[in-house]
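The values are calculated or read from the model by the stated rules, or taken from the named source; none is laboratory data. None of the values given here were measured: they were computed from a predicted structure. Ideal geometry is used to build each Cβ from the backbone, glycine not excepted, and the neighbour counts take in all protein chains shown.
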Amino acid sequence: MHITEDFIIHFAGNPSAVSNGRSLASKGGFLALNAAPDETLLFGTCKGSGSSPYQCSVDFADPEKPIPRCSCPSRQIPCKHAVGLLFCKVQGKAFTTQEIPEDIKTKRAKAKQREDKKTETAQEGAASPGPAKTAAKEKSKSRSVKKYHTQLEGIALAEKILHNIVLAGLYGMDRKNKNLYQDQAKELGNYYIEGIQASMTGLLLAAEEAQRNQDFTQAAGALNYLYGLLKKSRTHIENKIADSPDAKNTALNSSIEEQIGYSWKLTELRELGRFVEHARLIQVGFSVIEDTGKKQFEDQGIWLSLSNGELYLTKNYRPFKALKYVREEDSFFPLLSTGELYIYPGDINPRVRWEKCEPRDITIEDLQDAHKAGKQDFAAVIKAVKNQIKSPLADKNPIFALKIGSLAGEGDGGISVFDENGVKIPLRLDHFGFLIKRLTREQAGGNTLICRFDQDMKTDILWGVPVALITGESVIRFMY
C-alpha cells in the first residue's frame, strides 16, 4: 500500500486528527512500530494519558477500505493514534517486521465470515424467493402504505402552514406568528417528511433575515421552492400508494425522495442499477455549507469522472449536535479509483458515494482524459442550465465543464469565456477566480474550465462561477 500525506488527510477526514497525528509522529510518541511481513497491517504502541500505552493499527487487508483500530477511549474514527501511525510511515521511520497479532487475525476471519454469509444470503434470495420471503414482502408493503398515508397527513399540515404564511405575507410575519409557525414546523417531524420540515424551517429563517435587511428575494425563492415541493410530493406519494409506474420513474429520475426526507441505501441503488464500476475521479472543488434549516454542515465535493466525463457531487452531513463524532471531509488532490461508484437519483450533477477506493497521483494521461469532458457548444450548455433553473425543485446552480475557445476582458473590467462559435459566458470571479485574469489568451485557449452557474434574480444575468481550470499540466482549483 502506497501511503502519502494526501491519502492520510482523506483517510482521517478531520483536520484536528491530522494535526494531532502528525504531531505524535514527529515528537516520538510511539514506543513501537511494526509491520506485517506482507505489509497489509501497520501496528504499534503509543504513549497515552493512562498508565498503559495504546495499541493501534491500520489494517490494509482490503486496500480499498482500510480499517483503523485503537484501544484508546476516543470516539473519533480514525483516532489521532492511528493517523499518527500512518504519518510515521510517511516520515520514513523504521518499522519492525512482526507477525500479525492473533486478535487481528480473529477480526479478519469474522469479517470474512460476515461477507461470505451476506453473499450467500443474497444468492439464495435471488434463486428462490420462497413463501416466507413473499410474506415478509407483503408485510413490508403494508407498512410502507401506512407510512405514505402518514406522510400525506404531514404534507396537509405543511400546506396549511404555508397557506397561513402567504395570507399574512412575508413582510407581515410578526414575532407571535413566527413562534407559532416554528412550533408547527417542529410538529412536521412526526410525519416522515424531514426534508419538507427542513425546507419549512429554512423559509422561516429566510423570512426573518429578509425583514432585517428588507430584501425578500431569497425568502420568495424559498417560498416558491416549498410550494413546488409540497405539490410534487403529494402527487408522488399518491402515485406510490396507487402503485403507479410514474412513481418509480419519478423516484429514479429526480431527487424528490431525498427532498421529502428519504435516505437511499447503497443496496437499493445497486438493485436499481445505479452504479458504475472502476470509476476514476478527480476532485475539482470543495466547500463547507452551513445549513441552518437542517441544523447541519454539509461538506460538498465536486468530482469529475474521467470514465464518462460527468460531474458529480459528494455530500457529507454533520449535524450541529454531533460535530465531535461525525467525520469531517476535506479537500482531496490525488486521483481516486473506486470499486463501485453509486449514483443517487438527481439532476445534472447527481450525488455519488463509494465504499472502496484507492488514491494515486494524477498523470498527464489523466489530464488528457479530463479535457474530453469539456463542452464545446456553449449555446447548448446555456440552454441546459436555463431548463434546469426553470424546474422549481432542481438545483439552481448546475456545474459544467467548458472547453475554452478564447478568453477576453469586458469594458466594465469583467471577463468572459467564448466557444469556437463566439458564444459568450460572462464569469463572476468569486474566491480565487481573479487568477483567471492573469491568463493570457494563449494559456486559456483549449483548456477546460469547470463552472458552477448562477443566475442573478434581479438582473437575470446568467454567470459562470469558476470552480477549477484544467490545463495540460495540472488542475488549478478556485474552490478548496
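What pairs come up if the first residue lies in region 39-53 and is farther than 14 Å from His81 by Cα, the second is assigned to a strand (DSSP E or B) and among the basic types (Lys, Arg), and their beta carbons are under 9 Å apart, counting only those six or more places apart or on different chains?
Hits for this filter: zero, empty list.
With Tyr317, Tyr312 as the choices, which residue is in contact (Cβ under 8 Å) with a residue 24 or more places away in the chain, of a type outside the set (Asp, Glu) and either surrounded by fewer than 16 Cβ atoms within 10 Å (Cβ to Cβ) or touching a Leu at 6+ places or on another chain (Cβ under 9 Å) (or both)? Break it down stepwise before answering.
Numbers: Tyr317 fails: in contact (Cβ under 8 Å) with a residue 24 or more places away in the chain.
The unique qualifying residue is Tyr312.
Mind listing just one residue for me: the one in region 33-73 that is of a type in the set (Ser, Thr, Tyr) and surrounded by 16 or more Cβ atoms within 10 Å (Cβ to Cβ) and, of those, nearest to Ala94 (Cα to Cα)? Show your work before the answer.
At the first step, the residues of region 33-73 found to be of a type in the set (Ser, Thr, Tyr) are 40, 45, 49, 51-52, 54, 57, 71.
Right, trim to surrounded by 16 or more Cβ atoms within 10 Å (Cβ to Cβ) and you get 40, 45, 54, 57, 71.
Working: Thr40: 16, Thr45: 14, Tyr54: 19, Ser57: 16, Ser71: 22 Å.
Selected residue: Thr45.
Looking at Lys141, Lys105, Lys112, which is the one that is within 30 Å of Cys72 (Cβ to Cβ), modelled with pLDDT under 90 and either exposed (fewer than 12 other Cβ atoms within 10 Å of the Cβ) or not β-branched (Val, Ile, Thr) (or both)? Steps first, please.
Details: Lys141 fails: within 30 Å of Cys72 (Cβ to Cβ); Lys105 fails: modelled with pLDDT under 90.
Unique residue meeting the criteria: Lys112.
Thr96 versus (1) surrounded by 11 or more Cβ atoms within 10 Å (Cβ to Cβ); (2) modelled with pLDDT of 90 or more; (3) in contact with a strand residue (DSSP E or B) (Cβ under 6 Å, 6 or more places away or on another chain): which is the lone unmet condition?
(1)
Looking at Leu272, Leu266, which one is within 16 Å of Glu355 (Cβ to Cβ) and of a type in the set (A, V, I, L, M)?
Every option except Leu266 fails the conditions.
Are there strands (runs of 3 or more DSSP E) fully within region 1-86 with at least 2 residues that are under 24 Å from the mean Cα position of the chain (by Cα)? List them.
67-70
Which of the residues that make up region 141-164 are under 19 Å from Leu180 (Cβ atoms) and small (Gly, Ala, Ser)?
Within region 141-164, Gly154, Ala156, Ala158 meet the criteria.
Restricting to region 249-294, count the residues that are in contact (Cβ under 8 Å) with a residue 60 or more places away in the chain, in a loop (DSSP other than H, G, I, E, B) and not aromatic (Phe, Trp, Tyr).
Qualifying residue count, region 249-294: 9.
Only one of Phe400, Phe418, Phe378 is under 30 Å from Thr250 (Cα atoms), more than 26 Å from the chain's Cα centre (by Cα) and either in contact (Cβ under 8 Å) with a residue 12 or more places away in the chain or surrounded by 13 or more Cβ atoms within 10 Å (Cβ to Cβ) (or both). Can you tell me which?
Working: Phe400 fails: more than 26 Å from the chain's Cα centre (by Cα); Phe418 fails: under 30 Å from Thr250 (Cα atoms).
After ruling out the rest, the residue left standing is Phe378.
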